[in-house]
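Heads up, the thing below is written out as structure tokens.
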Amino acid sequence: MSNVMTDSQLQICDGARTVSVPLGTRAYDVLIGPGLVAETGRLIATRLGPAKCAVVTDENVARRHLATLETALKQEGVHVGSIVLKPGEATKSFSELAPLSEHLLELGIERGDLVIAFGGGVIGDLAGFAAAILRRGVRFVQIPTTLLAQVDSSVGGKTGIDTPQGKNLIGAFHQPSLVIADTDTLATLPEREMRAGYAEVAKYGLLGDAAFFAWLEQNWKSVFAFEPAALTKAIETSVKAKAAIVGRDETEQGERALLNLGHTFGHAFEAWCGYSDRLLHGEAISIGMAQAFRFSETLGACAPGTAERVSAHFAAVGLPTRIGDIPGAKPDVAALMRLMGQDKKVRRGKLTFILARAIGEAYVAHDVAPEAVSEFLVGEMAGSSGR
Ligand SMILES: NC(=O)c1ccc[n+]([C@@H]2O[C@H](COP(=O)([O-])OP(=O)(O)OC[C@H]3O[C@@H](n4cnc5c(N)ncnc54)[C@H](O)[C@@H]3O)[C@@H](O)[C@H]2O)c1
């Protein structure tokens, strides 16, 4: 469901798109387009009413974009302060959550006020969780600044932090009140981060929209060249896909699990690399998705050649597709099985995988035998170089 706003009071700039996330009383809009950060004060005032705003961001985003956001909020007289955290996954932790929550209280954020998460998925997940628990829940606005965050983490209301036991194991479903995805912010994103986010874009084609995947195969260079029409289409199509799934299954009782395509393998690789820069989340799930299609082929679920098409596209954009593409020491099968066993999607000794019948036809398989997985991984290790 998408429409360009026509009401002059709510109108956003030319070329901008609005996607609605249909969640009844918790429904909200995702605004996508260039130049939106500079409009934030007005957008918040007209859509969410008067509220004090505290910004949570990281140093990389602050250096490039915070002045624009603060000016926009100050124009409306609603800025009470900005909290700038260290960049990186380690920030999504209890040790950062506690001072952040206290800082937000010190800034006077009350029920009815707003926390603004301004950054990538790390800031969105952490600030969103802080908003979920502050005063038993205050509203928050996502202003995602990475491609991954614009197409995935800012939409759907999953918030949380990591612990030594695993990623995202502490958290809450807390929907934002508004998402403002300013495509201009992506211009300062390192290319590697852009590629990693693109893996999530491609995921929507692979899991449910074969025509979109075919479009990406034809148009990915335009997306990476920041051609406005192509970039906006890629983000809008992705957000619409996520919004539709979240609208039908907000708390992941069923269909929402499809969004985890490539994640069971991918999380194991991320864990192996210690959630470090050695392997970004998007890179890990790129390998994971390529493997999910190879595994589906091995199990006879999809036609031969499907996995090769997926890998060929990822390789063309410069994303990894094989365990051998992980820099440094490679995990062995036992280590991967152990890491997958710790994945939170294990049920009664069986693993849950998202498999595919074809490109655009993913499904949830709850009964994958660990033996089938380890046998598959042995084969993967044997052919771990090239595509
Ligand atoms: N909540 C969800 O549904 C969901 C979904 C997918 C991923 N995630 C989470 O998202 C996180 C990954 O998010 P991410 O990939 O955005 O990582 P990130 O937030 O760490 O951002 C990546 C890097 O880019 C920098 N950066 C961000 N915006 C920038 C900009 N415009 N210009 C320059 N640098 C910029 C950041 O400082 C950081 O160094 C993980 O913790 C993952 O678990 C959550």
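Every number in this text was worked out from the coordinates using simple rules, so none of it is lab data. Nothing here was measured: the structure is a model prediction, and the numbers come from that model. Positions of Cβ are backbone-derived with ideal geometry, glycine not excepted, and every protein chain shown enters the neighbour counts.
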(message) Kirkwood hydrodynamic radius, the stretch 74-116, all distinct C-alpha pairs: what's the number in Å?
(response) 11.8 Å
(message) Nearest 5 percent is fine: what portion of the DSSP beta bridges confined to the chain is antiparallel?
(response) 45 percent
(request) Output the direction-averaged projected area (hull surface divided by four) of the convex hull of the alpha-carbon atoms of the chain, in nm². (result) 17.5 nm²
(request) Report, in debye and to the nearest 20, how large the dipole of the chain comes out about its Cα centre when Lys and Arg carry +1 and Asp and Glu carry -1 on their Cβ. (result) 460 debye
(request) Calculate, for Thr251 and Thr163, the FRET efficiency according to 1/(1 + (r/R0)^6) with r their C-beta to C-beta distance and R0 30 Å; round to the nearest 0.05. (result) 0.90
(message) Just to be sure I understand the model, the point goes 7 Å from the Cα along the line to the Cβ. What's the resulting Ala334 to Thr188 distance in nm?
(response) 4.8 nm
(request) Positive end of the charge dipole of the chain (Lys, Arg +1 and Asp, Glu -1 on Cβ, about the Cα centre): tell me which of Val151, His366, Trp220 has its Cα farthest that way. (result) His366
(request) Identify, among Ala172, Leu66, Phe140, the residue whose Cα sits farthest towards the positive end of the charge dipole of the stretch 66-172, taking +1 on the Cβ of Lys and Arg and -1 on the Cβ of Asp and Glu, with the dipole about the Cα centre. (result) Ala172
(message) Could you identify which residue out of Gly328, Gly121, Gly341 has the top mean-square fluctuation in a GNM of the chain using Cα springs shorter than 10 Å?
(response) Gly328
(request) Sort the following peptides by mean Cβ neighbour count (other Cβ atoms within 10 Å, averaged over residues), highest first: 302-308, 234-240, 110-116. (result) 234-240, 110-116, 302-308
(message) Suppose we keep just the DSSP beta bridges with both residues in the stretch 108-228; what percent of those would be antiparallel, to 5?
(response) 40 percent
(request) Compute the distance in nm between two label points, each set 7 Å from the Cα along the Cα-to-Cβ direction, one at Asp367 and one at Leu105. (result) 5.0 nm
(request) For the stretch 63-142, just say rounded, prolate or oblate: build the C-alpha gyration tensor, square-root its eigenvalues into a ≥ b ≥ c, call rounded for a/c under 1.5, and beyond that prolate if a/b exceeds b/c, oblate if not. (result) oblate
(request) Compute the whole-percent fraction of alpha carbon pairs in the stretch 265-387 spaced more than 17 Å apart. (result) 54 percent
(request) Run the numbers on the chain and let me know its relative contact order in percent, using alpha-carbon pairs under 8 Å that are six or more apart. (result) 14 percent
(message) Take Lys221 and Arg63, extend 7 Å from each Cα along the Cα→Cβ direction, and tell me the distance between the two endpoints in nm.
(response) 3.2 nm
(request) Could you let me know the centre-to-centre spacing of the stretch 173-237 and the stretch 53-128, using Cα atoms, in angstrom? (result) 24 Å
(request) Give, rounded to the nearest 20 debye, the magnitude of the charge dipole that the stretch 117-233 has about its Cα centre when Lys and Arg contribute +1 at Cβ and Asp and Glu contribute -1 at Cβ. (result) 420 debye
(request) Measure up Lys158/Lys242; Lys92/Lys167; Lys86/Lys330; Lys203/Lys240 against 20 Å on the Cα-Cα distance and list the ones that go over. (result) Lys86/Lys330
(message) Expected output is a single nm value to one decimal: the length gained when fully extending between Ala210 and Lys74, i.e. 0.36 nm times separation in residues minus the C-alpha distance. What is it?
(response) 44.5 nm
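At a temperature of 4 °C and a viscosity of 1.567 mPa s, determine how fast the stretch 100-243 diffuses translationally according to Stokes-Einstein, using the Kirkwood radius over alpha-carbon pairs as Rh; express D in µm²/s, rounded to the nearest whole number.
82 µm²/s
Only four residue types carry charge here, +1 at the Cβ of Lys and Arg and -1 at the Cβ of Asp and Glu. Report the dipole size of the stretch 108-153 about the Cα centre in Debye, rounded to the nearest 20.
Details: 4 positive and 4 negative charges, 42 e Å.
That gives the stretch 108-153 a dipole magnitude of about 200 debye.
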